[in-house]
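Let me begin by presenting the structure, written as structure tokens, before commenting on it.
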Amino acid sequence: QAVKVIDVDLTSEEYAFGVDKNKPELLTQVNDFIKEIKDNGTFDEICNKYFGGGNPTPVKSEKLDTSKDQLLVATNASFEPFEYMKGDSYYGIDMEIAKLLADELGKELVIQNMDFDAVCLSVGQQKCDIAMAGLTIKEDRKEYVDFSNPYYSASQRLIVMADDTDFDDCKSAEDVEAKLNEKAAEGGVKIGA
């Protein structure tokens, strides 16, 4: 059955990379790099691979070797399309950006896959240089990392059956909430998330 998206943002959040607080020069380089790939269209090309039917590029992680000049990236490779794995290769928007960033900095890329809760902490403890894990900018995470400039804006929206007209006049999240409350008072609603 056909569905439609109600064109009202219920939530909004911005994604950024978390950089080691002791590496302000890396933060500057990351911000400059984000601007560059957005300005020259590279970011849109990467997103098109995941949202527009393009072909994702696999990213390989080098082995950690403290004798080499490496960029250590903390991630949680379970948030497709931003980071995920197939076999021993990493895929995703963040992972492709990580590879390009490492190349730009003249470093080998080492990806450390870990629990999501450890991503910012590992950077805060100087075990990794940068957190790239579809991170929403949040105050509590700023204790561990300095956030780059945002590179992606995300929102949550309601999807209903195509013939459902109940939400057609909604213009705000409050309108959607009021309509959901009204429907709940009439006997409930079925919601999937």
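The values are calculated or read from the model by the stated rules, or taken from the named source; none is laboratory data. Everything numeric here is computed off the predicted structure, so don't read it as measured data. Here the Cβ positions follow ideal geometry from the backbone for every residue, glycine too, while neighbour counts run over all protein chains shown. These area figures cover heavy atoms from the full protein model, side chains too; ligands, DNA and RNA do not enter into them. Shrake-Rupley method; radii C 1.70, N 1.55, O 1.52, S 1.80 Å.
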Beyond 17 Å, what percent of the Cα pairs of the stretch 93-167 remain? 57 percent
Too-long pairs where the Cα-Cα distance tops 21 Å, listed order kept, from 4/190; 49/138; 4/179; 107/127; 63/86; 23/142: 49/138
Protein accessible area in the chain, 1.4 Å probe - carbon and sulfur %: 46 percent
Computed over the stretch 127-193, the distribution of all Cα-Cα distances in 10 Å bins, rounded to whole %, is 14, 35, 17, 23, 10, 1
From DSSP H assignment alone, runs of 4+ in the chain each adding -39500 (n - 2.57), the sum over residues rounded to the nearest 500 puts [θ] at 222 nm at -10000 deg cm²/dmol
Helical segments meeting 27 Å axial Cα length and Kyte-Doolittle -1.0 threshold in the chain (DSSP H): none
Could you report the chain's accessible area per residue, 1.4 Å probe, as an integer in Å²? 57 Å²
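Would you rank 8, 189 by solvent-accessible area, highest first, keeping every protein chain in place and using a 1.4 Å probe?
The ordering from most to least exposed comes out as 189, 8.
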Loop trypsin sites (Lys or Arg not before Pro), the stretch 105-152 (other Cβ atoms within 10 Å of the site Cβ: 14 or fewer; DSSP): 127, 138
What are the semi-axes of the equivalent ellipsoid for the chain, taken as the square roots of 5 times the Cα gyration tensor eigenvalues, largest first, in whole Å? 37, 18, 16
Net charge near residue 162, counting Lys/Arg +1 and Asp/Glu -1 over other residues with Cβ under 12 Å of its Cβ? -2
Could you grab the relative contact order for the stretch 101-178? Cα pairs under 8 Å, six or more apart, rounded to a whole percent. 19 percent
